[in-house]
4 protein chains.
Amino acid sequence: MGKGRLEAFSDGVLAIIITIMVLELKAPHGADLNALRPLLPALLSYLLSFVYLGIYWNNHHHMLHSVQHVSGAILWANLHLLFWLSLFPFVTAWMGENHFAAAPTAVYGLVQLLAAMAYWVLQRTIIARQGRDSLLAAAIGKDVKGKLSPALYVVAIVATTIAPWIAWALYVAVALIWLIPDRRIERALAERASQVE
Amino acid sequence: MGKGRLEAFSDGVLAIIITIMVLELKAPHGADLNALRPLLPALLSYLLSFVYLGIYWNNHHHMLHSVQHVSGAILWANLHLLFWLSLFPFVTAWMGENHFAAAPTAVYGLVQLLAAMAYWVLQRTIIARQGRDSLLAAAIGKDVKGKLSPALYVVAIVATTIAPWIAWALYVAVALIWLIPDRRIERALAERASQVE
Amino acid sequence: MGKGRLEAFSDGVLAIIITIMVLELKAPHGADLNALRPLLPALLSYLLSFVYLGIYWNNHHHMLHSVQHVSGAILWANLHLLFWLSLFPFVTAWMGENHFAAAPTAVYGLVQLLAAMAYWVLQRTIIARQGRDSLLAAAIGKDVKGKLSPALYVVAIVATTIAPWIAWALYVAVALIWLIPDRRIERALAERASQVE
Amino acid sequence: MGKGRLEAFSDGVLAIIITIMVLELKAPHGADLNALRPLLPALLSYLLSFVYLGIYWNNHHHMLHSVQHVSGAILWANLHLLFWLSLFPFVTAWMGENHFAAAPTAVYGLVQLLAAMAYWVLQRTIIARQGRDSLLAAAIGKDVKGKLSPALYVVAIVATTIAPWIAWALYVAVALIWLIPDRRIERALAERASQVE
């Protein structure tokens, strides 16, 4: 089985998730600029999730670049990741509407944590399939970002019991860490290409 | 006519169905964790339908793998399947919001039954087009899963009159039966390939 | 410019239109089967529009098959068609929720009429681009269906002032006329192919 | 990295944005034609945004035609553009529901302005990547349209403090300016092709 349809399906689901989140931004009833003010937390919440989904799409893209054949295990690991990502609109709306209250902010972090773990499982599944010479394993190396993010999510979830803004700052920090696109895989691909020559 | 656009359209519809179901999970008004408790049945209902749609996408993918040319009959059999699948968000929401009451649970099973029958019709349409040497017919063989599932749905629908949880358990059971991806078609393709050599 | 992205975009929009219509089927609050009864007109209305969009997708698919190069005029004629099709969820919901009252049934027909005219404009735009030897012009021939449908829509719209069910019967009739997929283009393509040999 | 998946993802997001806007057109409760009258501003607002998104899709399509390799910077510049476009359904609904009141009309223009600037940033990012012989730079030339539009948006935003209809007229004017598809890139491509021969 080729990877074309897996990529197309994942792109479709990610494109829909990233877009329907905006449906949670309900047009206010008032017609003046003050009517927008209560929506500001929802807008910021949307912006954060938009960036996160952009990062996932970007890295997913790079990760699948190294895949040749799609096994049943990879297919289901991918659907597992999409499931947690599909909960983003729900937790984004809940956090935004409640102006970053403690519980919604913690649940937002929990879904982020589970999505990050699902991403890690997908990565391991691909590496297991590729075997000892795994291009992906070479590319991710020590995977510092991949190990740091879940730790920061856990800290953020715990921190909501002290002050939600700590969690919020940590979510922004994780996004910034990842915003630099994952060039490791591109580099590993380029290196292998040059070794072959 | 090639099958590329049929696959792309089906992928699009399936990606949208699987994603808009999450719109039925409305963000609760309360800002504490207790506010999430009434949503638990809706979340479980969503999870079940997500897995079902993942299975349909997966098997649809395998089934079309064996198709060379798309006839008008295949096109409409495919749209017929997509119609029943498109009702999943509706029955999922109704079952989840009513905490698995008898009637919504039965209707959920009915839509599952009709989708399974539509899948079967699509399968027969493809086999009829492929003729005696049908790769798909060889691949599905006795099609035990395909025959067992509708029977279990019928049992589940009847069982809702006794206790809805029996139906619910049966839906989970059918999902588990299918969760193992359909490798029969891959195997048949591989065998034929080796015979040709 | 190739036609790949035009097809992909049209497929995407059609897949979304056909799927989000189901969002208008709100899960009822009651948990018994009687709660579904008021939804029956909405469900029938959804079924009709689903079939119409399936027909449009199918014929759109065949029509673009004959296209080699996409001009700016074709692009905008296609977007014009998609605009009217995008109003289907709105008119479908309005007609269904009002149990096929006269005005919503007439407006449903009006949007159908405008979509049919947009389809015709797209067809003429493609034929104009292809010139005298237009494969599409040869394929559609006298285009009896294409001329009959708008006439029937006009009759249906007028008939709503007498009795809405006449209009409703006519919409079903038009759908049945088109349900037979448009094999003319396939035939013309096959003939030309055999002439070339 | 190829540009195929970037195009597919952008097409997916644009197709969803253009389609979900129609969800803001809620079916009215009344069943007569008068019930549609209050929806007229929302419909006009939808039509305008539909045309704008069609223009963006069209020009995006042409712009990417000249791209060979997608860098991380292009990817994020593209997501940045999609973010502002994804706010179209929100501002369209707000402006339509408030019958083109001053504040929503100004905010509509602001999102248009930010989308236009994001488009410009994406264009510069592609040109920077292509270097001195940039095909895109040659194609857009002085980019009169691209410079005029943001200026007109600013005038429109300021004009809402005098009379919202001036802004509305300017938005229509900008759409008309762009409605003529951007043939400059096609021409530049054709010229270069002829020089190579």
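A few notes on this one:
Table: residues versus (1) outside any loop (DSSP other than H, G, I, E, B); (2) more than 9 Å from chain A (Cβ to nearest Cβ); (3) over 29 Å from C:PHE100 (Cβ atoms); (4) out of contact with any Lys or Arg (no Cβ under 7 Å at 6 or more places or on another chain).
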| position | (1), (2), (3), (4) |
| --- | --- |
| D:ILE17 | yes, no, yes, yes |
| D:ALA35 | yes, yes, no, yes |
| D:LEU47 | yes, yes, no, yes |
| D:GLY54 | yes, yes, yes, yes |
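- Sole exception among (1) away from chain D (no Cβ under 11 Å); (2) closer than 19 Å to D:ALA15 by Cβ; (3) touching an Asp or Glu at 6+ places or on another chain (Cβ under 9 Å) for C:HIS65, by number: (2)
- Residue within region C:106-126 that is surrounded by 19 or more Cβ atoms within 10 Å (Cβ to Cβ), free of Cβ contacts under 8 Å to residues at least 12 places away in the same chain and part of a helix (DSSP H, G or I) present: no
- Residue in region B:93-102 that is in contact with a Leu (Cβ under 6 Å, 6 or more places away or on another chain) and of a type in the set (A, V, I, L, M, F, W, C) present: no
- Count of region C:86-105 residues which are open to solvent by 20 Å² or more (accessible area, probe 1.4 Å), part of a helix (DSSP H, G or I) and more than 7 Å from chain D (Cβ to nearest Cβ): 1
- Being touching a helix residue (DSSP H, G or I) at 6+ places or on another chain (Cβ under 8 Å) and either within 14 Å of chain A (Cβ to nearest Cβ) or at pLDDT below 65 (or both) is a property that holds for B:ARG184.
- A:PHE83 being in a helix (DSSP H, G or I), aromatic (Phe, Trp, Tyr), under 17 Å from B:ALA27 (Cβ atoms) and within 7 Å of chain B (Cβ to nearest Cβ): no
- Subset of region D:78-96 (residues that are without any contact (Cβ under 8 Å) to a residue 60 or more places away in the chain and not aromatic (Phe, Trp, Tyr)): D:LEU79, D:HIS80, D:LEU81, D:LEU87, D:VAL91, D:MET95
- Taking region B:162-180 as the range and being among the aromatic types (Phe, Trp, Tyr), touching a helix residue (DSSP H, G or I) at 6+ places or on another chain (Cβ under 7 Å) and open to solvent by 40 Å² or more (accessible area, probe 1.4 Å) as the test, only B:TRP168 passes.
- In region C:128-144 there is at least one residue that is at pLDDT 85 or above and hydrophobic (A, V, I, L, M, F, W, C).
- Residues of region A:59-72 satisfying the condition of being assigned to a helix (DSSP H, G or I) and open to solvent by less than 20 Å² (accessible area, probe 1.4 Å): A:ASN59, A:HIS60, A:HIS61, A:HIS62, A:MET63, A:LEU64, A:GLY72
- Residue that is most open to solvent (accessible area, probe 1.4 Å) [pool: residues in region C:1-13 that are in a helix (DSSP H, G or I) and more than 7 Å from chain B (Cβ to nearest Cβ)]: C:GLY4
- Number of positions in region C:23-45 that are within 12 Å of C:PHE88 (Cβ to Cβ) and either at pLDDT below 90 or out of contact with any Phe, Trp or Tyr (no Cβ under 9 Å at 6 or more places or on another chain) (or both): 1
- Hey, D:ALA106 within 27 Å of A:LEU48 (Cα to Cα) and at pLDDT below 90 or not: no
- Of all residues in region A:17-58, exactly one satisfies the criterion of being among the polar types (S, T, N, Q) and open to solvent by 10 Å² or more (accessible area, probe 1.4 Å), namely A:ASN34.
The values are calculated or read from the model by the stated rules, or taken from the named source; none is laboratory data. Values in this document were obtained by computation on a predicted structure and should not be read as measured data. Backbone-built Cβ (ideal geometry, glycine too); neighbour counts: all protein chains shown. The area values use the complete protein model at the heavy-atom level, side chains included, leaving out ligands, DNA and RNA. Shrake-Rupley method; radii C 1.70, N 1.55, O 1.52, S 1.80 Å.
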